[in-house]
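Single-structure report; data block below.
The values are calculated or read from the model by the stated rules, or taken from the named source; none is laboratory data. Everything numeric here is computed off the predicted structure, so don't read it as measured data. Positions of Cβ are backbone-derived with ideal geometry, glycine not excepted, and every protein chain shown enters the neighbour counts.
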Amino acid sequence: MVATSMEQLVSLCKRRGFIFQNSDIYGGLQGVYDYGPLGVELKNNLKAAWWRAMVYERDDIEGLDSAILTNQKVLHYSGHEDTFSDPMTDCRKCKSRFRADHIKDGKCPNCGSTDLTEPRPFNLMFKTNIGPVDDGANFGYLRPETAQAIFTQFKNVVDSTSRKLPFGIAQIGKSFRNEITPRNFIFRVREFEQAELEYFVMPGEDEKWHEIWKEERIRWWEEQGLKRENINIYTTPKDDLAHYAKACYDIEYQFPHGMEELEGIANHTDYDLGNHTKAQDEMNLTSECHKNSDSTQKLCIMDDNNKWVIPFVIEPSMGVDRGVLAVMTEAYTEEDLGEGNSRIVLKLKKHLAPIKVAVIPLKKNNEQIMNKCREIKNNLLKLGIGRVALENTGNIGKAYRRHDEVGTPLCITVDFETIEQQPESVTIRDRDTMQQTRVKVADLKDYLRNYFAE
Ligand code: GAP
């Protein structure tokens, strides 16, 4: 059963250490969350899966890790200073503020009053003072997307890697948006992570690549465990497209609060590279760009006929936090075990599981058993499969239950037979089937190598 309520997930996340409210002891900071001991593992695993698919498994994509603090001019010429805003409405009665497009039937979502102000644009960027002088002139922004630095570093990447079209630049990192109404747990927050690819193509080949990336990204999400029937592809109507986009697909997912955007895949044309290019008039751009950019560079590339072109760009841009919420939603399962027993299992894909294997002693504080547990753990770590956790609880039933809830695929139990009988053996319990198999300690590494390679 897929999770139906956000409450179930929020409760599991807090109880088992996935996600906590930021600044909790001071009442929290709205729209800001911290990832706990297991959440950081899950999020890192999701990011690693994206990076592997984008950068390691392909030969046409390079990586980048740019700064969060951004020069004001970058976000001026990208259009964010002028257009990166949501319509905001105030309730005159209770003084609450809302995104105008989130208001239903003209009523304040807080008090129900219809006495609302006209919507006005509210810029979502966090402006910050840079340097010791606070005179209002020395400011920059926390980036609202990771993409802009990919455009501004385009020439450096091309020159240092000798890339030809088509090729991409991938980046994962924090983005910041002063959302008017953050909500739905980690779905809409003010500080979040994005994994963005800018895939540069010859003008004219953009529509073909847009389709290719749509299919590729659906395939990738399915590999992360999302069922196709819980995914919807929304094609943005022409009239609703962002000013820079020629076309856009949203990959939507059936979150507990509804079918909503998980990733956007936009055809950006030559808009961004064009905006950050000096003397655009010479460049024969198809898009409407800022004229007279202060940029010192022409962000272009040589085609096969030795002609300079500004590439078009296809941009698959996913929210990492929304990804975490989606894979948890899909994996959350309540199972009826009969006779009044039930269990919660997080049926995460193995590569996403925060803990890969738990090594559990049958008896707490037994020196001999614990030493064997430690030896097994240290041996398994060498496989490089991720986190192998060592328990010392002595209550096998409780340990299994806890590891089911956090999605640990395998539990290894070390018992008296392990240390008293030759050849040494342990019990391996499978999270999903709950089946237990006796495996020789000498065969453990091969067993797990095969299991995690599948
Ligand atoms: N560079 C393109 C771009 O930033 P976007 O549709 O504004 O496009 C891309 O954002 C993705 O980032 C979204 O599909 C969503 O997954 C994630 N995202 C955007 N705003 C977010 C927020 N306030 N909280 C969490 N994730 C967010």
Going by the conditions given, is Leu325 surrounded by 18 or more Cβ atoms within 10 Å (Cβ to Cβ) and more than 30 Å from His257 (Cα to Cα)? no
Applying the selection to region 73-88, what residues are buried (at least 16 other Cβ atoms within 10 Å of the Cβ) and not hydroxyl-bearing (Ser, Thr, Tyr)? Val74, Leu75, His76, Gly79, His80, Glu81, Phe84, Asp86, Pro87, Met88
Identify, from the list Asp115, Asp101, the residue that is more than 12 Å from the ligand (Cβ to nearest atom), in contact with a Pro (Cβ under 7 Å, 6 or more places away or on another chain) and not assigned by TED's automatic domain parsing to the domain that holds Tyr33. Asp101
Region 305-330: number of residues that are hydrophobic (A, V, I, L, M, F, W, C) and either away from the ligand (no atom under 16 Å from the Cβ) or farther than 23 Å from Asn184 by Cα (or both): 6
I'm trying to understand the selection: among the residues of region 130-182, which are polar (S, T, N, Q), surrounded by fewer than 16 Cβ atoms within 10 Å (Cβ to Cβ), at pLDDT 95 or above and in contact with a strand residue (DSSP E or B) (Cβ under 8 Å, 6 or more places away or on another chain)? Thr161
When residues of region 183-210 are limited to those that are within 9 Å of the ligand (Cβ to nearest atom) and over 17 Å from Leu262 (Cβ atoms), the one surrounded by the most Cβ atoms within 10 Å (Cβ to Cβ): Glu198
Residues of region 235-282 being polar (S, T, N, Q), outside any strand (DSSP E or B) and under 30 Å from Met6 (Cβ atoms), which ones? Thr236
So, of the residues in region 391-412 that are in contact with a helix residue (DSSP H, G or I) (Cβ under 6 Å, 6 or more places away or on another chain) and surrounded by 17 or more Cβ atoms within 10 Å (Cβ to Cβ), which turns out to be nearest to Glu41 (Cα to Cα)? Val406
Number of the exception - Leu348 against (1) free of Cβ contacts under 8 Å to residues at least 60 places away in the same chain; (2) outside the structural domain of Asp415 (by TED's automatic domain parsing); (3) of a type outside the set (Lys, Arg): (1)
Complete set of residues in region 238-256 that are within 9 Å of the ligand (Cβ to nearest atom) and touching a Lys or Arg at 6+ places or on another chain (Cβ under 8 Å): Ile251
Inside region 89-121, the number of residues satisfying the requirement of being buried (at least 17 other Cβ atoms within 10 Å of the Cβ), in contact (Cβ under 8 Å) with a residue 24 or more places away in the chain and either closer than 30 Å to Gly173 by Cβ or among the aliphatic types (A, V, I, L, M) (or both) is 3
Mind listing just one residue for me: the one in region 23-72 that is touching a Phe, Trp or Tyr at 6+ places or on another chain (Cβ under 9 Å) and of a type in the set (Phe, Trp, Tyr) and, of those, surrounded by the most Cβ atoms within 10 Å (Cβ to Cβ)? Tyr33
Selection within region 331-372 - part of a helix (DSSP H, G or I) and either surrounded by fewer than 23 Cβ atoms within 10 Å (Cβ to Cβ) or within 16 Å of the ligand (Cβ to nearest atom) (or both): Ala331, Lys350, His351, Glu367, Gln368, Ile369, Met370, Asn371, Lys372
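Here is a yes/no grid of residues against (1) assigned to a strand (DSSP E or B); (2) more than 10 Å from the ligand (Cβ to nearest atom):
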{"residue": "Glu145", "(1), (2)": "no, no"}
{"residue": "Ala149", "(1), (2)": "no, yes"}
{"residue": "Val157", "(1), (2)": "no, yes"}
{"residue": "Ser160", "(1), (2)": "no, yes"}
{"residue": "Leu165", "(1), (2)": "no, yes"}
{"residue": "Ala170", "(1), (2)": "yes, yes"}
{"residue": "Asn178", "(1), (2)": "no, no"}
Do you know which residues across region 261-274 are within 21 Å of Glu207 (Cα to Cα) and not acidic (Asp, Glu)? Gly264, Ile265, Ala266, Asn267, His268, Thr269, Tyr271, Leu273, Gly274
